[in-house]
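Following: one structure in structure tokens, then a few remarks.
The values are calculated or read from the model by the stated rules, or taken from the named source; none is laboratory data. In this text, all values refer to a predicted model and were calculated from it rather than measured experimentally. Cβ placement follows ideal geometry from the backbone for every residue including glycine, while neighbour counts extend to all protein chains displayed. Note: areas computed on protein heavy atoms with side chains; ligands, DNA, RNA excluded. Shrake-Rupley method; radii C 1.70, N 1.55, O 1.52, S 1.80 Å.
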Amino acid sequence: MATTFVSDRNLNFLLHEVFDLASLAEHPLYREHGRRSFDMIIDATLKLAKEICLPTLREMDEQPPVLTEGRVEVHAAVRRFMRECGDGGWIAAGFPHALDGEQLPQMLTCTCRYIFAAANYSLSVYPFLTAGAARLIANFGGAMLRKTYLPPMLSGRWQGTMALTEPQAGSSLADIVTEAVPMDAAATKAGSPYRIRGKKIFISAGDHDGVDNVVHLLLAKIAGAPAGVKGISLFVVPKLRPQSDGTLIPNDVAVSQIYHKLGYRGCPITELEFGQRDDCHGTLVGAPHRGLFYMFQMMNEARIEVGAGAAAIAQAAYGAALNYARLRPQGRALGAKDPDQPPLPIIQHADVKRMLLFQKAFVEGSLALVLQCARYMDLEAISTGVEKEKYALLLDLLTPVAKTYPSEMGILSTSQAIQCFGGYGYCEDFPVAQYYRDVRIHPIHEGTTGIQGLDLLGRKLVRHNGRALGYLLAEIQATIASARNTAGLTAHADALATSLDQLDAVLAHLTVVAQSDGPDAYLADATVFLEFFGIITIAWQWLLQAVPAAAAEGTARTASDRRFYAGKRHACDFFFKYELPKATALATTLLHPARPTLETHARHF
Ligand SMILES: Cc1cc2nc3c(=O)[nH]c(=O)nc-3n(C[C@H](O)[C@H](O)[C@H](O)COP(=O)(O)OP(=O)(O)OC[C@H]3O[C@@H](n4cnc5c(N)ncnc54)[C@H](O)[C@@H]3O)c2cc1C
């Protein structure tokens with residue numbers, strides 16, 4: 001079934017022909033599933049996306065949540081979608097059978113999220129934020145927390161949130177001041193009750209009437225805790241406190257405002273006051289002062305989802321631009337000036353094809369990277385020992401890239417979608433203006449692009465003696481080797497190998513900079529490095545797709561398959577001609593000795 005907000009043919013290609021999803025079912029963890037059930041789940045997801053998400057995309061943008069007498073009212077679709085995602089198993093999709101989950105591979109759950117996000121990003125956030133919060137309780141909470149919170153969260157009746165940010169602590173969580181005071185000074189272990197006091201801002205889905213309760217996974221500092229990140233603990237703080245008889249009573253959590261946003265308007269972003277009447281109870285999750293470590297599990301998962309969300313919105317914008325370009329007649333071929341000739345559909349102009357190829361190369365390259373990360377999660381889950389460590393390190397290294405490349409490039413891609421529409425793109429007649437506004441959040445939330453750059457260069461590449469990079473290079477070299485054996489891909493294989501040499505030269509240079517001039521100089525261009533590294537990573541993902549596409553093109557049985565594989569070849573050629581060479585320019589910048597960003601003083605502006 002052809003759809004325009006996602007390409008189901010491309011999903012099929014990536015899941016089955018590139019990443020061999022069905023092979024996971026050979027492992028006992030996933031033995032209840034197989035190709036047939038995976039495909040049925042994708043079909044059901046597409047159906048629900050078309051039934052609830054797509055029809056409300058525009059309405060939810062035009063009728064954002066309102067705060068009335070302390071209550072946040074959201075579009076009626078939220079309650080319906082949360083219940084469908086609960087009853088249909090989408091929230092519990094990645095949870096083990098022991099917790100009433102579906103025990104599905106992450107590659108599949110990630111694809112479901114991608115489909116919902118492409119149909120309506122705002123709506124897709126509610127259930128998957130809940131799944132992330134529930135997973136924290138499942139992994140680190142005790143039996144009581146699991147019993148109380150998981151059933152209503154996984155069934156979509158209660159919303160989950162991540163409550164980290166405070167007015168003075170955005171990127172720097174070390175500076176949070178929300179306090180947790182033990183109710184019984186002698187009981188400070190996991191599961192102990194605490195009194196919570198503080199303010200959190202920008203909390204997505206932090207309160208709303210689409211659910212019966214909201215459960216905050218909240219970071220706070222226990223009185224007397226060590227300073228900085230080593231003193232942060234994690235708490236479960238409900239809006240309504242469950243009592244032993246099953247009733248719920250208010251827990252002194254108040255919404256002081258909701259923010260009015262550029263895009264992503266269907267989901268409320270709230271400012272929350274905890275404990276104004278000194279009656280807000282929270283339950284400690286895991287050990288005291290280990291909160292950030294636990295929360296990183298949710299944040300890393302959320303970072304991959306942010307990348308998927310950005311690619312999904314850009315995919316929907318690309319689908320709209322493609323439809324429009326096929327239908328909009330304008331101008332004639334450069335050599336045919338006869339005004340009596342009918343105008344051409346704009347898709348026939350080379351520059352419009354350039355804009356469409358840019359979007360295709362970005363969207364399909366980004367989705368491949370996101371699924372590659374999900375595959376590493378799955379492989380980590382089913383392996384042991386050194387193999388397990390390998391996949392964990394690969395995922396760790398690629399997380400900032402999978403978060404940032406789709407987010408930053410998604411803005412450019414949706415901008416190109418607007419450009420394909422000309423003046424209509426700038427108006428609200430078509431959805432591309434909304435997509436452009438919706439996608440803009442992604443380089444900001446779940447750690448800004450600047451923070452992701454510092455994470456990649458300052459932590460992920462250097463930790464564990466650089467083993468993560470060694471594993472990644474081995475993966476890329478394996479793809480280069482198979483591309484060298486594939487007709488038509490040798491030049492691309494050589495180009496990617498040259499980029500790896502540039503990466504090597506840049507890292508050698510930065511190592512010297514770190515040793516001679518310290519961390520400030522080493523990390524001054526971390527964001528530029530992230531962009532450089534991201535382009536090389538996506539080139540690898542394109543080569544990874546081009547190898548099976550080249551093999552299948554010659555033997556494809558249907559004309560539509562032949563067109564699909566030829567489309568892959570052209571998009572790969574596009575990426576290697578137009579995008580990969582940008583890495584060379586970025587390498588030049590990274591190797592350049594001038595340091596204007598370090599040497600410019602605040603007074604120079
Ligand atoms: C729509 C939306 C939804 C959100 N949802 C949630 C949520 O559900 N839960 C939650 O807890 N938070 C949420 N947030 C908060 C979000 O995670 C923060 O806005 C983000 O982490 C940045 O923090 P900040 O806004 O305080 O910016 P700041 O930290 O003040 O950063 C401002 C700029 O300075 C840069 N910068 C900051 N520190 C450094 C540094 N050390 N080195 C280099 N550059 C630096 C940043 O990259 C950025 O460009 C949401 C925000 C928005 C807008």
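Could you give every pair whose Cβ atoms fall below 7 Å, whose first residue belongs to the range 546-568 and is in contact (Cβ under 8 Å) with a residue 40 or more places away in the chain, and whose second residue is among the small types (Gly, Ala, Ser) and open to solvent by less than 40 Å² (accessible area, probe 1.4 Å), counting only separations of at least 6 or pairs across chains?
Note: pairs meeting the criteria are ALA546/ALA483; VAL547/ALA483; LYS568/ALA546; LYS568/ALA549.
One line per residue, one yes/no per condition, for (1) within 16 Å of the ligand (Cβ to nearest atom); (2) open to solvent by 40 Å² or more (accessible area, probe 1.4 Å); (3) out of contact with any Phe, Trp or Tyr (no Cβ under 9 Å at 6 or more places or on another chain):
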| site | (1), (2), (3) |
| --- | --- |
| ILE418 | no, no, no |
| GLY450 | yes, no, yes |
| ARG484 | no, yes, yes |
| SER516 | no, yes, yes |
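Residue by residue through the range 154-171, note down the ones that are within 6 Å of the ligand (Cβ to nearest atom) and open to solvent by 10 Å² or more (accessible area, probe 1.4 Å).
The answer is MET162, LEU164, THR165, GLY170, SER171.
Based on what the data block shows, is LEU489 open to solvent by less than 30 Å² (accessible area, probe 1.4 Å), over 30 Å from LEU173 (Cβ atoms) and in contact with a helix residue (DSSP H, G or I) (Cβ under 6 Å, 6 or more places away or on another chain)?
yes
Mind checking which strands (runs of 3 or more DSSP E) fall wholly inside the range 180-284 and carry at least 1 residues that are within 30 Å of the chain's Cα centre (by Cα) and buried (at least 18 other Cβ atoms within 10 Å of the Cβ)?
Output list reads 193-204, 213-222, 232-238, 253-258, 269-274.
Pick out the one residue from LYS189, LYS147 that is more than 30 Å from ASP87 (Cα to Cα) and away from the ligand (no atom under 16 Å from the Cβ).
After ruling out the rest, the residue left standing is LYS189.
Could you tell me whether any residue of the range 94-101 is surrounded by fewer than 22 Cβ atoms within 10 Å (Cβ to Cβ) and either of a type in the set (D, E, K, R) or touching a residue at least 60 places away in the same chain (Cβ under 8 Å) (or both)?
Yes, the range 94-101 contains a residue that is surrounded by fewer than 22 Cβ atoms within 10 Å (Cβ to Cβ) and either of a type in the set (D, E, K, R) or touching a residue at least 60 places away in the same chain (Cβ under 8 Å) (or both).
Identify, by number, the condition in (1) out of contact with any Pro (no Cβ under 8 Å at 6 or more places or on another chain); (2) touching a residue at least 40 places away in the same chain (Cβ under 8 Å); (3) within 25 Å of THR4 (Cβ to Cβ) that GLN63 doesn't meet.
(2) is the only condition that GLN63 fails.
State yes or no: is ALA174 under 29 Å from the mean Cα position of the chain (by Cα), within 8 Å of the ligand (Cβ to nearest atom) and aliphatic (A, V, I, L, M)?
Taking the combined requirement at face value, the residue does not satisfy it.
Is it the case that GLY534 is within 26 Å of the chain's Cα centre (by Cα), over 26 Å from LEU472 (Cα atoms) and in a helix (DSSP H, G or I)?
Spelling it out, it is not the case that GLY534 is within 26 Å of the chain's Cα centre (by Cα), over 26 Å from LEU472 (Cα atoms) and in a helix (DSSP H, G or I).
Which is open to solvent by 30 Å² or more (accessible area, probe 1.4 Å), on the phi < 0 side of the Ramachandran plot and within 29 Å of the chain's Cα centre (by Cα), of HIS570, HIS509? Before you say what the answer is, go through the steps one by one.
Working: HIS509 fails: within 29 Å of the chain's Cα centre (by Cα).
Exactly one of HIS570, HIS509 is open to solvent by 30 Å² or more (accessible area, probe 1.4 Å), on the phi < 0 side of the Ramachandran plot and within 29 Å of the chain's Cα centre (by Cα), namely HIS570.
Could you tell me how many of the residues in the range 366-421 are acidic (Asp, Glu) and touching a Pro at 6+ places or on another chain (Cβ under 9 Å)?
Result for the range 366-421: 2.
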